[in-house]
Amino acid sequence: METRVERLESLVALQDQTIEKLSDMVYEQQRQLSDLTKQVERLAGKLRDMGDVLDQSGGHDAPPPHYKE
């Protein structure tokens, strides 16, 4: 009976270690996700700004100097 209890205690300790590792991994992934979300928001803002600039300039490039209508 005592061997079974020791085995169960060992399994519980191993599960506790596994849960702690998983918790650390989830925390790290959440941190990375937050960082990536911030980067995407910054890039989206830059794209909006570029779109605004293009809209203000008419969105058309001037024709090349050799082009004649």
Exercise. Does residue 26 fit the bill of being aliphatic (A, V, I, L, M) and loosely packed, with under 10 Cβ neighbours inside 10 Å?
Worked result: no
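Residues are listed down the side, and each one gets a yes or a no for (1) free of Cβ contacts under 8 Å to residues at least 60 places away in the same chain; (2) among the hydrophobic types (A, V, I, L, M, F, W, C); (3) surrounded by fewer than 10 Cβ atoms within 10 Å (Cβ to Cβ):
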{"position": "13", "(1), (2), (3)": "yes, yes, no"}
{"position": "18", "(1), (2), (3)": "yes, no, no"}
{"position": "31", "(1), (2), (3)": "yes, no, no"}
{"position": "49", "(1), (2), (3)": "yes, no, no"}
{"position": "55", "(1), (2), (3)": "yes, no, yes"}
{"position": "62", "(1), (2), (3)": "yes, yes, yes"}
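Conditions (1) outside any helix (DSSP H, G or I); (2) at pLDDT below 95, marked per residue:
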residue: 14; (1), (2): no, no
residue: 31; (1), (2): no, no
residue: 48; (1), (2): no, yes
residue: 60; (1), (2): yes, yes
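The values are calculated or read from the model by the stated rules, or taken from the named source; none is laboratory data. Note that this is a predicted model, so its numbers are computed, not measured. Because the Cβ atoms are built from the backbone with ideal geometry, glycine has one as well, and the counts that use them run over all protein chains shown.
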